[in-house]
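To start, the structure itself, in structure tokens.
The values are calculated or read from the model by the stated rules, or taken from the named source; none is laboratory data. Keep in mind that this is a model prediction, so the values were computed, not measured. Quick reminder, even Gly has a Cβ in these numbers, built from the backbone with ideal geometry, and neighbours come from all protein chains shown.
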Amino acid sequence: MDYHDVIVIGGGVAGASAAAEIAAHAKVLVLEAEDQPGYHSTGRSAAFFTTTYGNSASQALGRISEPFFRNPPEEFSESPLLHPRDQIVVANGDGLGRLEAMQQGIASDVTPISVSDAIGRVPVLNADEVAGAFLDRTGGELDAGAILGGYIKLLKQRGGVLVGNARVSALSYRDGLWTVTTERGDSYSSPTVINAAGAWADQVAKLAGLDPLGIKPLRRTAVLVPPSEGTEVADWPMVVHLSGELYFKPDAGMILVSPMDETEDVPGDVQADEYDVAVAVDRLINNTSVTVQNVPHKWAGFRCFASDRNPVVGYDPRSNGFFWLAGQGGFGVGTAPALAHLTCALVTGEKIPPVYDRVLHLTSALAPGRLLS
Ligand SMILES: Cc1cc2nc3c(=O)[nH]c(=O)nc-3n(C[C@H](O)[C@H](O)[C@H](O)COP(=O)(O)OP(=O)(O)OC[C@H]3O[C@@H](n4cnc5c(N)ncnc54)[C@H](O)[C@@H]3O)c2cc1C
């Protein structure tokens with residue numbers, strides 16, 4: 001049987017990044033169910049990065065990851081990983097109190113702006129729906145394809161192996177070794193298995209005989225619509241409505257719109273629901289002067305959350321050598337470098353570069369044991 005020091009289940013950005021870091025110290029194999037890595041959440045992400053997103057854990061992970069995106073290792077990617085783009089958060093009259101509270105929580109990173117400044121930046125905004133706004137200049141758009149591709153290149157340069165069309169269908173543990181078997185019938189052995197299976201993370205745990213941790217796959221929809229004739233969108237910031245019901249941003253000459261839906265669904269090749277697409281278009285029309293004649297592109301993907309919305313990273317205390325790297329929610333691309341280094345440090349015991357040391361402070365907040373009663 002083919003032996004590896006570490007087997008990673010899942011070739012999305014989480015599995016690929018962790019595998020690449022670990023490959024500097026150990027023999028690593030990544031098993032990916034699809035023929036191409038990144039087919040699921042990673043390939044469907046809006047890939048926006050800001051250090052103000054989500055809860056305190058995701059904000060800290062974003063800050064720790066930021067230097068990697070701004071200065072990746074040499075030859076990691078031929079193009080930049082992060083393209084600066086501002087974000088503005090807007091609220092209507094009902095949301096002004098919450099806007100102020102949110103702003104105070106992240107005050108060092110954002111600047112209040114006037115309604116006319118917000119509309120100056122995004123002239124299509126419906127003035128009746130904007131009573132307040134703040135500007136976030138901490139981030140921009142990540143190139144998820146370049147990040148995933150860079151990590152896979154690094155993995156291979158370091159002697160790691162990625163196998164596609166390799167859906168893990170059985171896991172058994174005996175005498176200090178996991179036997180990992182795929183649907184095709186291939187078997188591999190390793191003392192350590194990393195569960196980076198995204199929406200399937202709980203199902204993979206069940207294969208290992210472990211009760212699930214309750215990581216819920218929540219479907220999110222996105223559509224691309226053309227701007228009205230003559231409207232130049234390239235320099236717009238990303239616009240997020242504080243209501244949690246709409247965001248939109250430029251995307252290659254089009255407007256990417258999401259109704260920010262979170263619908264629990266079954267892991268699989270999830271597709272956009274027509275109702276959610278209609279809601280996305282309706283909310284864009286109500287909040288802007290954009291007219292929508294057609295929706296040339298629509299998709300959906302999973303954002304997966306544990307009950308406290310922190311990622312789940314660490315060994316499962318109920319088992320030997322079964323490591324979780326899951327529950328990255330809506331920030332898995334923007335936090336991948338930090339989580340990859342944390343995983344590497346916990347799995348190999350090796351020192352991580354000093355710039356990533358801070359990630360170790362998050363170990364207990366992310367540990368799977370917190371979710372076991
Ligand atoms: C619409 C949308 C917008 C988003 N916007 C952002 C954003 O702006 N910024 C951001 O940072 N993040 C965003 N995200 C979230 C981000 O995409 C995810 O957090 C991230 O991609 C998760 O990566 P992953 O590797 O865990 O999951 P995935 O990319 O889904 O990878 C998991 C892999 O495991 C494989 N797998 C599953 N079961 C098995 C098995 N039994 N055997 C072998 N392989 C298996 C799957 O085939 C899959 O390829 C968004 C997500 C969506 C859907």
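Structure data summary
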read-out: Unique residue being outside the structural domain of THR179 (by TED's automatic domain parsing) and over 30 Å from VAL130 (Cα atoms) when the list is SER289, SER319, SER373; value: SER373
read-out: ALA222 being over 18 Å from VAL313 (Cα atoms), within 9 Å of the ligand (Cβ to nearest atom), touching a Leu at 6+ places or on another chain (Cβ under 7 Å) and among the small types (Gly, Ala, Ser); value: yes
read-out: Residue among GLY214, GLY159 that is more than 9 Å from the ligand (Cβ to nearest atom), loosely packed, with under 15 Cβ neighbours inside 10 Å and more than 23 Å from the chain's Cα centre (by Cα); value: GLY159
read-out: Near pairs, Cβ below 9 angstrom, 6+ apart or cross-chain, from the range 38-59 (outside the structural domain of PHE248 (by TED's automatic domain parsing) and under 18 Å from PHE134 (Cα atoms)) to any residue that is in a loop (DSSP other than H, G, I, E, B) and near the ligand (Cβ under 6 Å from one of its atoms); value: PHE48/VAL333; PHE48/GLY334; PHE49/VAL333; PHE49/GLY334; THR50/GLY334; THR51/GLY334; TYR53/GLY334
read-out: Answer from ALA280, ALA272 - the residue that is crowded, with 16+ Cβ neighbours inside 10 Å, outside any loop (DSSP other than H, G, I, E, B), small (Gly, Ala, Ser) and touching a residue at least 12 places away in the same chain (Cβ under 8 Å); value: ALA280
read-out: Residue match in the range 17-38 (condition: under 30 Å from VAL161 (Cβ atoms) and under 13 Å from the mean Cα position of the chain (by Cα)); value: yes
read-out: Out of GLU21, GLU32, sole residue that is modelled with pLDDT of 95 or more, charged (D, E, K, R), in the same structural domain as CYS344 (by TED's automatic domain parsing) and over 18 Å from CYS344 (Cα atoms); value: GLU32
read-out: Among (1) under 16 Å from SER190 (Cβ atoms); (2) away from the ligand (no atom under 12 Å from the Cβ); (3) at pLDDT 95 or above - the single one ILE64 does not satisfy; value: (1)
read-out: Residue match in the range 227-242 (condition: surrounded by fewer than 23 Cβ atoms within 10 Å (Cβ to Cβ), in contact with a strand residue (DSSP E or B) (Cβ under 9 Å, 6 or more places away or on another chain), of a type outside the set (S, T, N, Q) and closer than 30 Å to SER169 by Cβ); value: no
read-out: Condition met for VAL281 (within 12 Å of the ligand (Cβ to nearest atom) and either modelled with pLDDT of 95 or more or not acidic (Asp, Glu) (or both)); value: no
read-out: Qualifying residue in the range 86-100 (condition: within 30 Å of PRO72 (Cβ to Cβ) and either over 25 Å from the mean Cα position of the chain (by Cα) or free of Cβ contacts under 8 Å to residues at least 12 places away in the same chain (or both)); value: no
read-out: Residue among SER108, SER77 that alone is polar (S, T, N, Q), at pLDDT 95 or above, away from the ligand (no atom under 14 Å from the Cβ) and more than 22 Å from ARG220 (Cβ to Cβ); value: SER77
read-out: Qualifying residue in the range 119-135 (condition: under 29 Å from ALA338 (Cα atoms) and within 25 Å of the chain's Cα centre (by Cα)); value: yes
read-out: Count of residues meeting criterion [within 16 Å of the ligand (Cβ to nearest atom), surrounded by 20 or more Cβ atoms within 10 Å (Cβ to Cβ) and not β-branched (Val, Ile, Thr)] in the range 284-312; value: 10
read-out: Set GLY140, GLY132, GLY93, GLY145: member being small (Gly, Ala, Ser) and at pLDDT below 95; value: GLY93
